[in-house]
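Taking it in order: structure first as structure tokens, then the write-up.
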Amino acid sequence: MATQVQDEQETDPEDVTALDNARRQLERAAKLVDVDEGIVERLKHPTKVQRVAVPLKRDDGDVEVYTGYRSQHDDVRGPYKGGLRFHPDVTEDECVGLSMWMTWKCAVMDLPFGGAKGGIVVNPKDLSTDEKERLTRRFAEELRDFVGPKKDIPAPDMGTDAQTMAWFMDAYSMQEGETTPGVVTGKPPVIGGSYGREEAPGRSVAIIAREAIDYYDMDIEETTVAVQGFGSVGANAARLLDDYGANVVAVSDVNGAIYDPEGLDTHDVPTHEEEPEAVMKYDAQEKLSNEELLELDVDVLVPAAIGDVITTANAADIAADIVVEGANGPTTFAAAEILEDRGVAVIPDILANAGGVTVSYFEWLQDINRRAWSLERVYEELESSMLEAWGDVSEARDELDVTWRDAAYVVGLSRIAEAKESRGLWP
Ligand code: NAD
């Protein structure tokens with residue numbers, strides 16, 4: 001019966017919400033750590049969820065009202081941190097689930113932040129630039145009492161970008177009466193954004209893939225890699241792995257994949273930003289579908305496009321030895337169990353793409369200290385943060401003999417539980 005329910009959930013990924021997944025993973029990790037049940041129970045619930053109405057005067061004078069959310073999951077280790085998305089599918093439950101993920105991600109990286117996530121239920125493609133600006137400013141005002149450099153620090157996510165963060169920061173600063181760059185991260189560098197923020201998630205994926213290759217005693221020069229998605233995360237990861245000496249044999253975008261068993265010149269293939277959806281126009285030896293790319297017989301597979309691409313439908317056919325999750329949630333819960341049984345190492349998103357939130361932390365430090373770091377310094381600090389987190393997770397994995405995902409959750413959950421034990425429960 002349980003299998004049937006799981007299969008049904010798998011055939012319709014909509015049924016497995018981000019919140020279901022986050023709770024399941026918490027329960028799984030809680031069994032591996034000596035943690036008080038009360039603490040696990042507290043972590044199943046967000047501390048606060050704000051739901052706000054965001055009215056917008058359209059360019060034609062009509063007024064529409066959108067719904068916005070901000071879920072603040074846990075702040076035992078520091079202010080809440082997480083993205084704001086503008087997307088028609090945003091729901092309260094999704095924000096809560098994604099805010100829990102942010103709590104674990106920040107804890108795995110040992111950052112002094114907790115997890116948050118928010119957004120507006122809107123398709124930003126239906127709005128003009130002026131309308132987007134007005135919507136963002138009004139959202140900032142509705143959230144003003146709940147955010148701030150010491151309370152909750154939003155960042156870009158789906159449908160939002162550096163410009164959105166600049167408007168948010170300006171609206172907040174105007175109302176507070178003081179320029180407050182630390183209220184958001186992912187801003188343009190000219191108003192306190194950090195160099196290297198955009199490349200950071202892809203960079204961390206490459207660093208973690210390199211460490212995983214080394215962990216399994218493989219020679220990076222002899223390693224073949226396939227990357228799904230050639231956007232910010234996928235292209236930065238592919239190019240850096242190429243620079244490290246790996247043989248990137250396949251990359252893809254939404255239209256399909258290009259493949260060359262001798263290796264692609266990843267710096268020559270246009271990224272999503274350089275020329276959107278141009279991967280298939282590149283002159284490569286072979287063209288494949290995205291499904292075929294996922295099943296290529298390579299050493300390392302990096303799904304870096306969207307969630308839920310490795311499911312029970314293809315988990316048995318994944319031929320890579322190591323999967324490094326560049327996207328958030330590319331492997332479903334049930335698919336992860338199949339890969340585990342087959343001995344495929346899956347390095348989880350909360351570690352691999354955590355370079356983004358790590359450089360957001362660097363940005364916040366630069367903002368509150370009013371001192372910008374050079375790109376070299378950002379890269380050096382990111383490298384050492386990633387190596388430290390990799391060391392902590394691989395130590396937990398070796399000690400407990402569990403999957404990489406479980407090991408990452410154990411590291412994160414132990415840190416949060418210790419902080420909660422030490423602070424106690426008030427009153
Ligand atoms: P992006 O928009 O820059 O690039 C996405 C790429 O994936 C594009 O090449 C696009 O063509 C391709 N793509 C889209 N739909 C696809 C599909 N159905 N099949 C195959 N390819 C498809 O996005 P990004 O910023 O690189 O984000 C990619 C993933 O990484 C997302 O899951 C995102 O949540 C996650 N992520 C992003 C960041 C960040 O700061 N950029 C940080 C952590 C995680």
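The values are calculated or read from the model by the stated rules, or taken from the named source; none is laboratory data. Since we're looking at a predicted model, the values are computed, not measured. Note that each Cβ is placed from the backbone with ideal geometry, even for glycine, and that neighbours are counted across all protein chains shown. These accessible areas exclude ligands, DNA and RNA; they are computed on the full protein's heavy atoms, side chains included. Shrake-Rupley method; radii C 1.70, N 1.55, O 1.52, S 1.80 Å.
A few remarks follow.
- Label-to-label distance, nm, for residues given as D59 and V190 (7 Å Cα→Cβ offset): 2.3
- Over the chain, DSSP H runs of length four or greater, each weighted -39,500 (n - 2.57), average out per residue to a 222 nm ellipticity of -14000 deg cm²/dmol.
- Share of carbon and sulfur in the accessible heavy-atom surface of the chain [1.4 Å probe, %]: 45
- Cα-based equivalent ellipsoid of segment 37-100: semi-axis lengths in Å, sorted from largest, via gyration tensor: 31, 11, 9
- Projecting the Cα positions of A315, G182, P201 onto the charge dipole of the chain (unit charges on Cβ atoms of Lys, Arg, Asp and Glu, taken about the Cα centre) puts G182 furthest along the positive direction.
- Legend: Rg and Dmax of the chain, from Cα coordinates, 21.0, 66 Å.
- Over segment 200-347, the alpha carbon radius of gyration divided by the compact-protein estimate 2.2 N^0.38 Å works out to 0.93.
- As computed over segment 46-180, the Cα convex hull volume per residue (Å³): 96
- Label-point separation in nm, R423 to D243, each point 7 Å along Cα→Cβ: 3.8
- Local charge for G182 was computed over the other residues whose Cβ lies under 13 Å away, with Lys and Arg +1 and Asp and Glu -1, and equals +1.
- Residues of the chain: accessible area per residue with a 1.4 Å probe, Å²: 43
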